[in-house]
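Asker: The structure's right below; bear with me while I get my questions together.
The values are calculated or read from the model by the stated rules, or taken from the named source; none is laboratory data. Remember, it's a predicted structure, so these values are computed and weren't measured experimentally. Reconstructed Cβ throughout: ideal geometry from the backbone, glycine too, with neighbour counts over all protein chains shown.
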């Protein structure tokens, strides 16, 4: 018997068996190791869950440059608390300052002109006009007296007949000068005419409006805090150009952190199960297992496309969500604006159980 016909088949069968065993071992599923940190669980038997982003109670206020220009000054730092009206950053104002100096000078000149027109007649001008009018009254009386004396002589001599035209001319000339002096006195006494005073008032109003407009533009160069809050983010830097208008970059972010709110996205498929009276908690992500009780504030009426992504593989981004606003009951909750938390809300179909108190 040839040994080849016995050994070779045995080797072939052994190889097949070894291959089958190897393939069987390699095809076994790899056991999934337990997570280093177990995820937070819901404290409610029936619940509605969603992801929530911590935000200021005022919502996030994005501040842009009020006017375009170079950033002149940034007097605040991130994390600083500010009051309403406090300056946050300033745009270069040198050109406006120089224009305001000229406008204020024109306003002072117009106001001086108005004060002068309002003060008429001046005492010295009035006294001068009265003295001139009295002077010509005396001249008229004198001329009238000389003419009367001449007429009293009668036709006694040729000399009186030749002097009469001269005396009559002197009297008429004196009366004309008196009429002119009295008219000038009346003009001086009246002072500035109302229509002329209105013209001067208009000049003052125009100059004042120009100066006030420049002061407003100067104030617009200062971006001020619209509310009492905390500076959360600063993008403005002294010397950088800041553009204003639609599409311009945000220069600063501000918000009121007392209290903090959390905006929760609830899937539209679970929206019907939401109960505003239900309890709610927010849980931290990561290694620290901590939950914070929440208080319902309001619901956003409009369903919106989902924007806050959690990064889960099964997450759908083509869904719409209902947004809920909750407040942290603990004012010292260790969370920060912009942080993502898991939120569990007691659903409308929940039954009371021992876990409800958690």
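Residues are listed down the side, and each one gets a yes or a no for (1) over 12 Å from residue 133 (Cα atoms); (2) in contact with a helix residue (DSSP H, G or I) (Cβ under 9 Å, 6 or more places away or on another chain); (3) without any contact (Cβ under 8 Å) to a residue 60 or more places away in the chain:
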| residue | (1), (2), (3) |
| --- | --- |
| 171 | yes, yes, yes |
| 174 | no, yes, yes |
| 178 | no, yes, yes |
| 195 | yes, no, yes |
| 198 | yes, no, yes |
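Asker: Hey, another quick one. From the list 260, 254, 302, 269, which one is surrounded by fewer than 12 Cβ atoms within 10 Å (Cβ to Cβ) and closer than 22 Å to residue 58 by Cβ?
Answerer: 302
Asker: Further, regarding this structure: Taking the stretch 114-153 as the region of interest, how many residues are within 30 Å of residue 206 (Cβ to Cβ), in contact (Cβ under 8 Å) with a residue 12 or more places away in the chain and either more than 60 Å from the chain's Cα centre (by Cα) or not in a helix (DSSP H, G or I) (or both)?
Answerer: 2
Asker: So, one more: Going by the conditions given, is residue 164 in contact with a helix residue (DSSP H, G or I) (Cβ under 8 Å, 6 or more places away or on another chain) and at pLDDT 90 or above?
Answerer: no
Asker: Taking the options 280, 236, 242, name whichever one is in the same structural domain as residue 51 (by TED's automatic domain parsing), modelled with pLDDT of 90 or more and crowded, with 20+ Cβ neighbours inside 10 Å.
Answerer: Selected residue: 280, the only one of 280, 236, 242 that is in the same structural domain as residue 51 (by TED's automatic domain parsing), modelled with pLDDT of 90 or more and crowded, with 20+ Cβ neighbours inside 10 Å.
Asker: Additional query: Identify, please: which residue in the stretch 101-119 is touching a helix residue (DSSP H, G or I) at 6+ places or on another chain (Cβ under 8 Å) and within 21 Å of residue 190 (Cβ to Cβ) and is, among those, surrounded by the most Cβ atoms within 10 Å (Cβ to Cβ)?
Answerer: 114
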